[in-house]
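The values are calculated or read from the model by the stated rules, or taken from the named source; none is laboratory data. From a predicted model like this one, the values you see are computed outputs, not experimental measurements. Note that each Cβ is placed from the backbone with ideal geometry, even for glycine, and that neighbours are counted across all protein chains shown. With ligands, DNA and RNA removed, areas are computed over all heavy atoms of the protein, side chains included. Shrake-Rupley method; radii C 1.70, N 1.55, O 1.52, S 1.80 Å.
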Amino acid sequence: MCSGRVISKLPCSGEKEVDLAVQSAKAAFKAWSQLSGMERSRVLLEAARIIREQRDEIATLETINNGKSIFEARVDIDISWQCLEYYAGLAGSLAGEHIQLPGGSFGYTRREPLGVCVGIGAWNYPFQIACWKSAPALACGNAMVFKPSPFTPISVVRLAEIFTEAGVPKGLFNVVQGGAATGQFLCHHPDVAKISFTGSVPTGVKIMEMAAKGIKPVTLELGGKSPLIIFSDSVLENAVNGALMANFLTQGEVCCNGTRVFVQREILDAFTKEVVKRTQKIKVGDPLLEDTRMGALINRPHLDRVQGFIKQAKEQGAKVLCGGDLYVPDDPKLKNGYYMRPCVLGNCTDDMTCVKEEIFGPVMSILPFDTEEEVVERANNTKFGLAGGVFTRDIQKAHRVVAALKAGMCFINNYNISPVELPFGGYKSSGFGRENGRAAIEYYSQLKTVCVEMGDVESVF
């Protein structure tokens, strides 16, 4: 994506390879699940330490793998080791309940692992997504077979090596490579206990259908078309910073991006002028350079797709206020890379395709609004429900609006902050289940209830 050159070719895992990976994980699960939480914690902490110490090396690998700026890739790697540390801290505290029953009898619950879990990752945050899925899975005592996107196959292999170096049993975290066919083999495998998928809505629907045939629980983290609401009483500089963070991280290839930017009419002109000014200053180019803030999109078909959305937006009456055109870096080695300038669209209306559909590229749509009631209704008028944001100095209004938003992840006076301590996931077509936080433990474990009678057994017969 950075230069248009192929950096590696990996064979796809077929049914045989998938079965070998699952069986290997199943064998490792037997030993891993019998360890105490504290024993698992120490291994996860060691993996976190290795990632932290090799941060720059792994970030460089991720930039080559994905095309995002090295500056962003380092943040991704930091979030990754923090995720492992967080679940290492929870591993030793996983417990059930003791319930007193009449006559001295009692009951208790045990929190037990599921078995072999499957993680299927996306290409926008390859290493980080693999950590988000594997950390809670392993902390709960599960094994995992992970399939990265075929567009970004490299960095997850490094994670597998790190887990091995840290001391997990051989095969506990396996990586298989491939596209849809490999994913189907994983979803249909009878020894897979759970599937966690990050990606598009159509693929999520197919995975849910396949999982249903085996009664397998699923976590789906799918697409979004999230609203970012800028009220006239907000601090303008903060709101502009928030809008840039909500639209242009990872070349706009972020599922929770706030790409529908609703701006109260009183500050529409001032906000738009400042956003355009700042957007035009974003440095696009070689993602391995320290001052680059936007690298290359993932591949040519995706770049063409994003360009098609911009073309259609203009045809439907939107105005390109800046960017949207292809960018050719000065370095001749990068001339065939998939670069474009970040785009801001004005004169947008709710019925335009660029406002309704997920573009998954560096394209911001600005829409004016007048009242709180109006903007909440418009913000919720979407099939998606992944995220939403509000900028205002009125804290009561902020809490009132986010309470009304039909979205799983909401931001007040910030955007695209992803602390691993907080659950992440969506409403409606954006999926269900949660990554991160204590909530993820619920999706990687199951409860067993035990009822103990301390007296004589009475029979109704």
When the residues of region 360-404 are filtered to those that are of a type in the set (S, T, N, Q) and in contact with a Leu (Cβ under 9 Å, 6 or more places away or on another chain), which remaining residue is farthest from residue 431 (Cα to Cα)? 365
Within region 163-190, which residues are over 24 Å from residue 80 (Cβ atoms), open to solvent by 50 Å² or more (accessible area, probe 1.4 Å) and either in contact with an Asp or Glu (Cβ under 6 Å, 6 or more places away or on another chain) or assigned to a loop (DSSP other than H, G, I, E, B) (or both)? 185, 190
Test set (1) out of contact with any strand residue (DSSP E or B) (no Cβ under 9 Å at 6 or more places or on another chain); (2) open to solvent by 20 Å² or more (accessible area, probe 1.4 Å); (3) in a helix (DSSP H, G or I) - residue 27 fails condition number: (1)
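Can you find a residue in region 38-61 that is part of a strand (DSSP E or B), free of Cβ contacts under 8 Å to residues at least 24 places away in the same chain and over 23 Å from residue 146 (Cα atoms)? Break it down stepwise before answering.
Kept after step one, since they are part of a strand (DSSP E or B), are these residues of region 38-61: none.
Looking for residues that are part of a strand (DSSP E or B), free of Cβ contacts under 8 Å to residues at least 24 places away in the same chain and over 23 Å from residue 146 (Cα atoms), one finds none in region 38-61, hence no.
Let's see how each residue does on (1) touching a Pro at 6+ places or on another chain (Cβ under 8 Å); (2) outside any helix (DSSP H, G or I):
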{"site": "255", "(1), (2)": "no, yes"}
{"site": "262", "(1), (2)": "yes, yes"}
{"site": "266", "(1), (2)": "no, no"}
{"site": "275", "(1), (2)": "no, no"}
{"site": "288", "(1), (2)": "no, yes"}
{"site": "310", "(1), (2)": "no, no"}
{"site": "320", "(1), (2)": "no, yes"}
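Just a yes or no: is a residue in region 415-424 open to solvent by less than 40 Å² (accessible area, probe 1.4 Å), aromatic (Phe, Trp, Tyr), modelled with pLDDT of 95 or more and in a strand (DSSP E or B)? Explain how you work it out, then say what you get.
Restricting attention to region 415-424, the residues satisfying the condition of being open to solvent by less than 40 Å² (accessible area, probe 1.4 Å) are 415-416, 418, 420, 424.
Subsequent filtering for residues that are aromatic (Phe, Trp, Tyr) retains 415, 424.
Restricting the remaining residues to those that are modelled with pLDDT of 95 or more gives 415, 424.
Still in the running and in a strand (DSSP E or B): 424.
Taking every residue of region 415-424 in turn, at least one turns out to be open to solvent by less than 40 Å² (accessible area, probe 1.4 Å), aromatic (Phe, Trp, Tyr), modelled with pLDDT of 95 or more and in a strand (DSSP E or B).
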Looking at region 35-42, is at least one residue under 18 Å from the mean Cα position of the chain (by Cα) and either farther than 12 Å from residue 138 by Cα or of a type in the set (A, V, I, L, M, F, W, C) (or both)? no
Filter result (assigned to a loop (DSSP other than H, G, I, E, B) and buried (at least 21 other Cβ atoms within 10 Å of the Cβ)) within region 191-201: 199
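Regarding region 204-221, can at least one residue be identified that is under 19 Å from residue 13 (Cα atoms), within 21 Å of the chain's Cα centre (by Cα) and without any contact (Cβ under 8 Å) to a residue 24 or more places away in the chain? Show your work before the answer.
Taking region 204-221 and keeping what is under 19 Å from residue 13 (Cα atoms), we get 207, 210.
Retained after the next criterion (residues that are within 21 Å of the chain's Cα centre (by Cα)): 207.
Right, trim to without any contact (Cβ under 8 Å) to a residue 24 or more places away in the chain and you get none.
Scanning region 204-221 turns up no residue that is under 19 Å from residue 13 (Cα atoms), within 21 Å of the chain's Cα centre (by Cα) and without any contact (Cβ under 8 Å) to a residue 24 or more places away in the chain.
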Determine the pairs where a residue that is under 13 Å from residue 135 (Cβ atoms), located within region 153-171, has a partner that is part of a loop (DSSP other than H, G, I, E, B) and open to solvent by less than 10 Å² (accessible area, probe 1.4 Å) with Cβ atoms under 8 Å apart, the partner being 6 or more residues away or on another chain. 163/172
Please give the number of the condition residue 407 fails out of (1) at negative phi; (2) open to solvent by less than 30 Å² (accessible area, probe 1.4 Å); (3) in contact with an Asp or Glu (Cβ under 9 Å, 6 or more places away or on another chain). (3)
Output for region 351-375, where each listed residue is open to solvent by 40 Å² or more (accessible area, probe 1.4 Å), under 22 Å from residue 233 (Cβ atoms) and not in a loop (DSSP other than H, G, I, E, B): 372, 373, 374
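Regarding residue 401, is this residue open to solvent by less than 30 Å² (accessible area, probe 1.4 Å), outside any strand (DSSP E or B) and farther than 26 Å from residue 200 by Cβ?
On the way: open to solvent by less than 30 Å² (accessible area, probe 1.4 Å): yes; outside any strand (DSSP E or B): yes; farther than 26 Å from residue 200 by Cβ: yes.
Yes: the conditions hold for residue 401.
Go through region 202-229 residue by residue and tally those that are under 22 Å from residue 361 (Cα atoms) and in a loop (DSSP other than H, G, I, E, B). Steps first, answer last, please.
Start the filter on region 202-229 by keeping residues that are under 22 Å from residue 361 (Cα atoms), which leaves 202-204, 220-229.
After this cut, where a residue has to be in a loop (DSSP other than H, G, I, E, B) as well, the list is 222-226.
Matching residues across region 202-229 total 5.
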Within region 425-435, restricting to residues that are under 11 Å from the mean Cα position of the chain (by Cα) and assigned to a loop (DSSP other than H, G, I, E, B), the one that is nearest to residue 381 (Cα to Cα) is 426
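Taking the residues in region 45-96 that are among the polar types (S, T, N, Q) and open to solvent by less than 10 Å² (accessible area, probe 1.4 Å) as candidates, determine which candidate is nearest to the chain's Cα centre (by Cα).
Filtering first and then ranking leaves 80.
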Residue check, residue 393 assigned by the TED database to the domain that holds residue 285, outside any loop (DSSP other than H, G, I, E, B), open to solvent by 10 Å² or more (accessible area, probe 1.4 Å) and in contact with an Asp or Glu (Cβ under 7 Å, 6 or more places away or on another chain): no
Just one listed residue, out of 406, 448, is over 23 Å from residue 239 (Cβ atoms) and either under 23 Å from the mean Cα position of the chain (by Cα) or at pLDDT 95 or above (or both), and it is 448
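Would you call residue 429 out of contact with any Lys or Arg (no Cβ under 7 Å at 6 or more places or on another chain), outside the structural domain of residue 273 (by the TED database) and more than 22 Å from residue 275 (Cβ to Cβ)?
On the way: out of contact with any Lys or Arg (no Cβ under 7 Å at 6 or more places or on another chain): no; outside the structural domain of residue 273 (by the TED database): yes; more than 22 Å from residue 275 (Cβ to Cβ): yes.
Here the answer is no, as residue 429 does not meet what is asked.
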